[in-house]
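Data first, discussion second: the structure below is written as structure tokens.
The values are calculated or read from the model by the stated rules, or taken from the named source; none is laboratory data. Bear in mind that the values here come from a model prediction, so they are computed numbers and not experimental data. Here the Cβ positions follow ideal geometry from the backbone for every residue, glycine too, while neighbour counts run over all protein chains shown. Surface areas here come from the heavy atoms of the whole protein model, side chains and all, with no ligands, DNA or RNA. Shrake-Rupley method; radii C 1.70, N 1.55, O 1.52, S 1.80 Å.
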Amino acid sequence: MSDASDSVARRTSRNRWFLLTPALVVLTLAASGPLLVVLIYSFLTPGDYGGVVWKPSTDGWFSVILQRDFFTDELTFADAHLSIFWRSIWLSLMTTIITFVIGFPTAYFIATRPANRRDIWMLLIIIPFWTNLLIRTFAVMELIRNEGTVNSMLIALGIIDQPIQMLFTDFAVLVGMAYVFLPLMVLPIYASMERMDFSLVEAGYDLYATRWRVLRNVIMPLVKPGVIAGSILVFVPSLGAYVTPRVLGGGKQLMLGNLIELQFGQGRNWPLGAALSLTLLFIVTVALLFYVRAAGKEEGHHG
């Protein structure tokens, strides 16, 4: 009887692997394949007019954070790359914080509406996703450019005499990314709040807790998984953002995505671009590991 059960289990296992084979092949070719190509390119020599020369070299990785002086051959830190790394991480963190500050009360407002009205509010949050990212970015540009809506209103109200230079600055990139990625923060927080038992909030008020204590000790622990998920969903794509920094930064406020594109384009240094891509992948992986660890602790705590 045991042998028959083992035979059935093995047959079932083989059938499952057989059914999974097409998906595994697609994942290998579509995901792992290009990543392997990028990894190989990062250890090759750049061609004179783009592309690579099949000669092993670690200059691509070397140039990520270091550079060699053209005249003295002295090693120094690649200040331009390091500043772009810092700007990318800082802007991504600030984008995450801003979207949380705006997204948390927005999600709370929607979750506390009558059930038959929540879909309308959620539709208003999701609508921007129906529009192309480039169009949304140009809409932000129209608002903050020198002759745009914001400056025109401030001048009309007599608050300022000259337009404020907002476009082509870190501020413009930050505003654009916060607008673009805000729904990615609202949706997971709302999903957590929708499942929350609001009678616990009422119990906190009945025990004479202040609004701040109820928020800190009751609401935040219950919606923490949604906050962590939303933070990752905003932080990760912000790190690799290309369109928004390119349009609103005007080519002056580069981020990692722009630097990588520059190496594959005008820079004609594909190994460096590949090494920068893998560095970005490493940063994203660290962020995802943080999320998995934090989510695991949260589940263990509730368990």
Original post:
Counting residues that are among the aromatic types (Phe, Trp, Tyr), which helices (runs of 4 or more DSSP H) fully inside segment 199-303 reach at least 1?
Top reply: 199-206, 211-214, 220-239, 256-264, 270-302
**OP:** For segment 12-31, state whether one or more residues are surrounded by 11 or more Cβ atoms within 10 Å (Cβ to Cβ) and either within 14 Å of residue 275 (Cα to Cα) or assigned by TED's automatic domain parsing to the domain that holds residue 252 (or both).
**Re:** no
**OP:** Residue by residue through segment 171-186, note down the ones that are open to solvent by 30 Å² or more (accessible area, probe 1.4 Å) and within 17 Å of residue 146 (Cβ to Cβ).
**Re:** 171, 175
Original post:
If the Cβ limit is 6 Å and pairs must be 6+ apart or interchain, which residue in segment 149-161 that is outside any helix (DSSP H, G or I) pairs with which residue that is modelled with pLDDT of 90 or more?
Top reply: 160/154
**OP:** Give just the number: which of (1) over 30 Å from residue 269 (Cβ atoms); (2) open to solvent by less than 50 Å² (accessible area, probe 1.4 Å); (3) in contact (Cβ under 8 Å) with a residue 40 or more places away in the chain does residue 100 not satisfy?
**Re:** (2)
**OP:** Working only within segment 75-97, note down all residues that are surrounded by fewer than 17 Cβ atoms within 10 Å (Cβ to Cβ), assigned to a helix (DSSP H, G or I) and among the hydroxyl-bearing types (Ser, Thr, Tyr).
**Re:** 83
**OP:** For segment 135-143, indicate whether the set of residues that are assigned to a loop (DSSP other than H, G, I, E, B) and within 23 Å of the chain's Cα centre (by Cα) is non-empty.
**Re:** no
**OP:** Filter segment 134-148 down to the residues that are touching a residue at least 24 places away in the same chain (Cβ under 8 Å) and among the hydrophobic types (A, V, I, L, M, F, W, C), then identify the one that is surrounded by the fewest Cβ atoms within 10 Å (Cβ to Cβ).
**Re:** 134
Original post:
Does residue 131 qualify as being assigned by TED's automatic domain parsing to the domain that holds residue 179, of a type outside the set (Asp, Glu) and buried (at least 17 other Cβ atoms within 10 Å of the Cβ)?
Top reply: no
Subject >> Matching residues, segment 68-112, being touching a Ser or Thr at 6+ places or on another chain (Cβ under 8 Å) and among the β-branched types (Val, Ile, Thr) >> reply: 95, 96
Subject >> Filtered residue count, segment 224-258, keeping only those that are surrounded by fewer than 23 Cβ atoms within 10 Å (Cβ to Cβ) and among the aliphatic types (A, V, I, L, M) >> reply: 10
Subject >> Top-ranked residue in segment 103-121 [being out of contact with any Phe, Trp or Tyr (no Cβ under 7 Å at 6 or more places or on another chain) and open to solvent by less than 60 Å² (accessible area, probe 1.4 Å); ranked as farthest from residue 194 (Cα to Cα)] >> reply: 103
**OP:** Check whether at least one residue in segment 138-145 is closer than 17 Å to residue 276 by Cα and small (Gly, Ala, Ser), and report yes or no.
**Re:** no
Subject >> Residues located in segment 61-97, provided they are in contact (Cβ under 8 Å) with a residue 60 or more places away in the chain and of a type outside the set (Gly, Ala, Ser) >> reply: 61, 64, 81, 84, 85, 87, 89, 91, 93, 94, 95, 96
**OP:** For residue 60, work out the one condition from (1) open to solvent by less than 50 Å² (accessible area, probe 1.4 Å); (2) under 26 Å from the mean Cα position of the chain (by Cα); (3) modelled with pLDDT under 90 it doesn't fulfil.
**Re:** (3)
**OP:** Check residue 217 against each of (1) open to solvent by less than 20 Å² (accessible area, probe 1.4 Å); (2) within 26 Å of residue 290 (Cβ to Cβ); (3) touching a Gly at 6+ places or on another chain (Cβ under 8 Å) and name the one condition it does not meet.
**Re:** (1)
